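K.L.:
Dropping a structure here in structure tokens format, bear with me for questions.
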Amino acid sequence: FRTAARLRPEYAKAYHALGNMLSSMGQRAAADIPLSLAVRIAPSADYLNSFAANLHMSGRYQSAIAWYGAAIATDQTFAQAYSNCANALQQLGRYPESILLQDYAAALKPGSARYVANRAATKQVAGLYAAALADW
């Protein structure tokens, strides 16, 4: 990835891939740089979501929520960004907002067990056991 980025400095995909690899290796601070470069070069919803996810996994929930919001603003049909943002909100105890965003994600991907399960898990953490059971 670094060679590709050196050969084509404007190639956002190389920075995105490098950042995701570093993040998956637990090198979150190092991943910030290539992910932010990818976003600067090509601010797609996917790249914005990846940058936000790295912040999220680093425990920087407020910043992650803002970047997930940017991903959603870029592509209002990107269910994964809604769900990821909902998970960050859940980490902050903002359950009603989290459930609402999980609802959006589930509505965008009807029949997706992932988003319904995420919503059920949020309801469970919030102590809304009957509602969580209805989703499970």
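K.L.:
Would a scan of the range 26-37 turn up a residue that is farther than 30 Å from R119 by Cβ and among the hydroxyl-bearing types (S, T, Y)?
P.N.:
Yes.
K.L.:
Report yes if some residue within the range 6-23 is assigned to a loop (DSSP other than H, G, I, E, B) and of a type in the set (S, T, Y); otherwise report no.
P.N.:
Among the residues of the range 6-23, at least one is assigned to a loop (DSSP other than H, G, I, E, B) and of a type in the set (S, T, Y), which makes the answer yes.
K.L.:
Restricting attention to the range 86-123, report how many residues are under 15 Å from the mean Cα position of the chain (by Cα) and open to solvent by less than 10 Å² (accessible area, probe 1.4 Å).
P.N.:
6
K.L.:
In addition: Being surrounded by fewer than 20 Cβ atoms within 10 Å (Cβ to Cβ) and hydroxyl-bearing (S, T, Y) is the filter here, so list the residues in the range 3-25 that pass it.
P.N.:
Those that are surrounded by fewer than 20 Cβ atoms within 10 Å (Cβ to Cβ) and hydroxyl-bearing (S, T, Y): T3, Y11, S24.
K.L.:
Consider A42 against the criteria (1) closer than 25 Å to K123 by Cα; (2) more than 11 Å from the chain's Cα centre (by Cα); (3) aliphatic (A, V, I, L, M): it satisfies all of them except one. Which criterion is unmet?
P.N.:
With (1) closer than 25 Å to K123 by Cα; (2) more than 11 Å from the chain's Cα centre (by Cα); (3) aliphatic (A, V, I, L, M) applied to A42, the lone miss is (1).
K.L.:
I'd like the full set of residues that are open to solvent by less than 40 Å² (accessible area, probe 1.4 Å), within 14 Å of Y15 (Cα to Cα) and among the aliphatic types (A, V, I, L, M), limited to the range 26-81.
P.N.:
A31, L35, A38, V39, A42, L48
K.L.:
When both residues are 6+ apart or on different chains and their Cβ atoms are under 7 Å apart, which pairs have a first residue that lies in the range 84-97 and is within 14 Å of Q124 (Cα to Cα), and a second that is assigned to a loop (DSSP other than H, G, I, E, B)?
P.N.:
Y95/A126
K.L.:
Please go through the range 90-121 and pick out each residue that is modelled with pLDDT of 95 or more and β-branched (V, I, T).
P.N.:
I99, the sole residue that qualifies.
The values are calculated or read from the model by the stated rules, or taken from the named source; none is laboratory data. Since this is a predicted model, take the numbers as computed values, not measurements. So basically every Cβ, Gly included, is an ideal-geometry build from the backbone, and we count neighbours across all protein chains shown. Remember, those area values only see protein heavy atoms, side chains included, never the ligands or the DNA or RNA. Shrake-Rupley method; radii C 1.70, N 1.55, O 1.52, S 1.80 Å.
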